[in-house]
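The values are calculated or read from the model by the stated rules, or taken from the named source; none is laboratory data. This structure is a prediction, so every number in the text was calculated from the model and none was measured. As a convention, Cβ positions derive from the backbone with ideal geometry for all residues, glycine included, and neighbour counts pool all protein chains shown.
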Amino acid sequence: MSSQDPPVDDLSPAERLSTVVDGVDVLAALSPSRAADFLSCPLRFRFRTVDRLPEPPSVDAMRGTVVHQVLEDVFDLPAPERTPERAQSMVDEVWAQVVLDDPEAAEMFDDDGSDGPDVVAWLLSCRESVRRWFDLEDPRRIEPAERELYVETLLDSKLLLRGFVDRVDESPDGALRVVDYKSGRSPREGFETKALFQLRFYALALWRTRGVVPRVLQLVYLGNSEVITYEPDEQALLATERKVEAVWAAIQHAEQTGDYQPQRSALCGWCAHQAICPAWGGTPPPLPSRDDAPSTAPVSAP
């Protein structure tokens, strides 16, 4: 780690796991979430990645965290015990651990007459999300090959792709199914391609590292009990690679010009930075100087 690298405590989970790429001048590291941020709104990407502005905790995001953890932990149980009742009971266990690790998480909820949501009702919503999963899959018949799998691969351009896959299933013949859980609702008809970008990103990383194109990509939406599946091929993943490279070129251009344009959409209602967004009458803070701004490109090792 160079003297310019951030302290270990400030690193993301992916940065902590990322490996040294010996003898390679790595251009930069990109995750699907940051790429998706830039595609949806370059200014939001700037606020999160360049300015690193703090964002208040969200009960919706916390629901996703708790539900994802339950769906990961349930596979630690013997198959016959992976029942809806047992999984729903794990919600309280996971929430207790979250609060133990981060006591401030409980401050989002109304337990003292504040305006926050009721934690009992929120926990019920978490249990309902878990219950819906059993309408879509039967974990008693699934033995994942990997859970919360960290993947990374270096493209020929020296751009490092990295991220976490919720679940990878492997059939006896070696075929892979990549599964991602979503606690929200599925996209409207015609918007599935955008939603699948993250999974195609992961599939590209798996193909480059293992030499196997995943047979099925699967998005599991717990908000309305729907599953979206996609069967990629090499041409589709090569197209994804070209798209990722184009996104990175656009990010570089924005960094060089300082021009991060806002893009209004339905997502604006969930953005923590709407008050300082010029699309909503706000004024962004000055861009950090190049010396002060966190580098999006690792030095010799991410």
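Tell me, which residue of the range 269-283 that is at pLDDT below 95 and assigned to a loop (DSSP other than H, G, I, E, B) is nearest to residue 41 (Cα to Cα)?
Going through the qualifying residues, I end up with 271.
Test of understanding: among 180, 173, which residue is among the acidic types (Asp, Glu) and more than 19 Å from residue 219 (Cα to Cα)?
173
Of the residues that sit in the range 256-270 and are surrounded by fewer than 16 Cβ atoms within 10 Å (Cβ to Cβ) and touching a Leu at 6+ places or on another chain (Cβ under 7 Å), which one is nearest to residue 157 (Cα to Cα)?
Among residues in the range 256-270 that are surrounded by fewer than 16 Cβ atoms within 10 Å (Cβ to Cβ) and touching a Leu at 6+ places or on another chain (Cβ under 7 Å), the one nearest to residue 157 (Cα to Cα) is 258.
Would you pick out the residues in the range 78-101 that are of a type in the set (Asp, Glu) and either in contact with a Gly (Cβ under 9 Å, 6 or more places away or on another chain) or touching a residue at least 24 places away in the same chain (Cβ under 8 Å) (or both)?
Listed by number, the list holds a single entry, 92.
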